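The values are calculated or read from the model by the stated rules, or taken from the named source; none is laboratory data. These numbers come from a predicted model, not from an experiment. Note: ideal-geometry Cβ built from the backbone for every residue, glycine included; neighbour counts use all protein chains shown. SASA here: full protein model, heavy atoms, side chains in, ligands and nucleic acids out. Shrake-Rupley method; radii C 1.70, N 1.55, O 1.52, S 1.80 Å.
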Amino acid sequence: MKMKKYIAPSIAEAMKQVRSELGEDAVIINSKVIVKKKFFGLIRQKNFEVLAGIDVVERPKVDMPEQMDSPVKVQPIVPKKDELPIAGNVLELKEEIDSLKKILQSMKHESIQSSLPDELKPFAEYMKRQELNQELITAICDELFVHMQTTKEISNQEIKNIAKKILQAKLSPLPLGGLSYEKKYVCVLGPTGVGKTTTIAKMAARSVLEKKKRIGFITTDTYRIAAIEQLKTYANLLQAPVEIVYNFNDYKEAIKKFEHLDLVFIDTAGRNYKEAKYVNELKKLISFDEEVESYLVLSLTAKEKDIETIIEQFNELPVEKFVFTKIDETNSIGAMYNLMIKYNKGLAYYTTGQEVPEDIEEATADKLLELFFQGEFK
């Protein structure tokens, strides 16, 4: 058997080195955590040491005839003109290559997971079902692996505590919490179908009932009559005025009318914001100045890649925080953490139903950590 020792900063990286040199048939003989001290012991660097091996089968030697001593000339094969690849074939080939890359990436993740101790596999599978990204899963599994090197055993509660610690470190730099009440205008952005108007109603109702604020509404959603009527219904219940604006001049007039109010909620049109032109229309219609606090509303039932496209379209606007809706309509909430960390954006609220104003939660670190572990893993 051919054996070799590998040292890497993570289990995933060590496994990558093993597969690269020894292939997929390699077996892990032993693994442990090693700590190197640098700068007179002031800095401790943690690494993973993996001893891997593979059975080597010697190939029988083949006697070559003497006449083969001279070099063999190989005639290059030149494809005929009608055999050359055309643009369509190139596109098909590119799609096949992309598909293979995805399959190999999936195999890589499965290989890493299969190398985990049995006690950690159910939780790794739980994180995968929650659609937490692979970098976070690897970071959490590495820390759990280190813990098991010293204790040999680990309980579900210990797993949760360690995983929470990692997530807490990732989320702690991000701003969490609802309206600041430091700015007069609250602009709520988001694509169609995310529950934006209902979310505005929940935020507004809390401002009236809990903070005793005098509020008003401005809507730019002139594309859907139902949206205007819905907002008017909420406004009547809260005894708040509503102004409908069609252009920037209307917007300025509405601002003047609401000078006496404490807080004004701006409901923007729900459009397909994967197209940049709709974001540009918003910039022409609304003044995103220092008096405006903007929130981007996103639905957790949408695909993560589609949400990323929308977020990137809004990069030019001063979005303060995210608001995630429909958390009660999905079985996986990992995308919420992935997107916050990737785009370095905090979270104001997440919604858990249609009831106004009950089904909305102001985001805190403790709530977000508890939320992730509501499911069971065994």
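Yes/no matrix, rows are residues, columns are (1) farther than 20 Å from K321 by Cα; (2) touching a strand residue (DSSP E or B) at 6+ places or on another chain (Cβ under 8 Å); (3) crowded, with 18+ Cβ neighbours inside 10 Å:
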residue	(1), (2), (3)
V208	yes, yes, yes
T219	yes, yes, yes
F258	yes, yes, yes
D262	yes, yes, no
I266	no, yes, yes
Matching residues in the range 295-318 - criterion: being part of a strand (DSSP E or B) and among the aliphatic types (A, V, I, L, M) = L296, V297, L298
Does at least one position in the range 126-134 carry a residue that is assigned to a helix (DSSP H, G or I), open to solvent by 30 Å² or more (accessible area, probe 1.4 Å) and aliphatic (A, V, I, L, M)?
-> no
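Okay, residues lined up against (1) of a type in the set (A, V, I, L, M, F, W, C); (2) at pLDDT below 70; (3) under 31 Å from the mean Cα position of the chain (by Cα); (4) not in a strand (DSSP E or B):
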| position | (1), (2), (3), (4) |
| --- | --- |
| S20 | no, no, yes, yes |
| N30 | no, no, no, no |
| F40 | yes, yes, no, yes |
| P60 | no, yes, no, yes |
| M64 | yes, yes, no, yes |
Give the residue, chosen from K342, K321, that is among the basic types (K, R) and not in a helix (DSSP H, G or I).
-> K321
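Which of the residues that make up the range 181-198 are open to solvent by 50 Å² or more (accessible area, probe 1.4 Å) and either of a type outside the set (K, R) or out of contact with any strand residue (DSSP E or B) (no Cβ under 7 Å at 6 or more places or on another chain) (or both)?
Result: Y181, E182, T192, G193.
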Quick one: which residue in E275, E291, E243 is charged (D, E, K, R), open to solvent by 10 Å² or more (accessible area, probe 1.4 Å) and more than 30 Å from E355 (Cα to Cα)?
-> E275
Among the numbered conditions (1) within 29 Å of Q374 (Cα to Cα); (2) open to solvent by 60 Å² or more (accessible area, probe 1.4 Å), tell me where K212 comes up short.
-> (1)
From A226, A204, which residue is closer than 27 Å to F314 by Cβ and either in contact with a Cys (Cβ under 9 Å, 6 or more places away or on another chain) or exposed (fewer than 15 other Cβ atoms within 10 Å of the Cβ) (or both)?
-> A226
Only one of these conditions is not met by V146: (1) surrounded by fewer than 18 Cβ atoms within 10 Å (Cβ to Cβ); (2) among the aliphatic types (A, V, I, L, M); (3) within 30 Å of E290 (Cα to Cα). Which number is it?
-> (3)
Going by the conditions given, is A169 open to solvent by 10 Å² or more (accessible area, probe 1.4 Å), part of a helix (DSSP H, G or I) and at pLDDT 90 or above?
-> yes
